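Contents: one structure, followed by commentary.
The values are calculated or read from the model by the stated rules, or taken from the named source; none is laboratory data. Not measured: the values here are computed from a predicted model. Counting neighbours? That spans all protein chains shown, and the Cβs are built from the backbone with ideal geometry, glycine included.
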């Protein structure tokens, strides 16, 4: 029987799902072979650097998708709040409304320094994108950065809660509040409240 050809996007999607669910250390070649339908020799041919190279390739593909689609509104023109809404909608799509695990969460449970460093750079881009929207909404750079970090932490935490409880509402509520969380000054928060928030960052 002729083996069905697996396209590059299919390979990335399938191995990404395995790493999302099992993490770096917990993923075996048997898992990757079962997920992709590739024989071991074919998997080695595509990724001669082994599991480390596969993870690097998957992270790079996620980076590309976030830069070109998920977080792209952060770097475009327009209302900061509307751009935040667009990112929230795309994050909802990317994470299957909270049903998919976060790759940056599961693979960083790894002793591989290169993988952890790559995940850190990916997270920094996410934070920088959120901070860009907050700055465009009129917040000082330091406060914009703090809001961005808090927003990413809330989303990551909500993904864990939704996964463990099998209830997607925490994740969806967090995404729903993202536009306000990033742009509070632009929607009527007093200067005194912003000043208080800045004081807490000192």
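Overview of values
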read-out: Residue 15, sole failed condition from (1) more than 18 Å from residue 61 (Cβ to Cβ); (2) part of a helix (DSSP H, G or I); value: (1)
read-out: Matching residues in the stretch 154-170 - criterion: being closer than 14 Å to residue 88 by Cα and within 13 Å of the chain's Cα centre (by Cα); value: 154, 155, 156, 158, 159
read-out: Meets criteria (closer than 19 Å to residue 19 by Cα, crowded, with 20+ Cβ neighbours inside 10 Å and either modelled with pLDDT under 95 or touching a strand residue (DSSP E or B) at 6+ places or on another chain (Cβ under 6 Å) (or both)) for residue 109; value: no
read-out: Filtered residue count, the stretch 129-144, keeping only those that are surrounded by fewer than 15 Cβ atoms within 10 Å (Cβ to Cβ) and either touching a residue at least 40 places away in the same chain (Cβ under 8 Å) or under 18 Å from residue 77 (Cα atoms) (or both); value: 2
read-out: Subset of the stretch 16-25 [modelled with pLDDT of 85 or more, farther than 14 Å from residue 53 by Cα and either buried (at least 17 other Cβ atoms within 10 Å of the Cβ) or more than 16 Å from the chain's Cα centre (by Cα) (or both)]; value: 18
read-out: Among (1) exposed (fewer than 14 other Cβ atoms within 10 Å of the Cβ); (2) modelled with pLDDT under 95; (3) more than 15 Å from the chain's Cα centre (by Cα) - the single one residue 38 does not satisfy; value: (1)
read-out: Among the residues listed as 147, 163, the single one being in contact (Cβ under 8 Å) with a residue 40 or more places away in the chain and assigned to a helix (DSSP H, G or I); value: 163
read-out: Within the stretch 61-111, considering residues that are part of a loop (DSSP other than H, G, I, E, B) and in contact with a helix residue (DSSP H, G or I) (Cβ under 6 Å, 6 or more places away or on another chain), the one farthest from residue 158 (Cα to Cα); value: 110
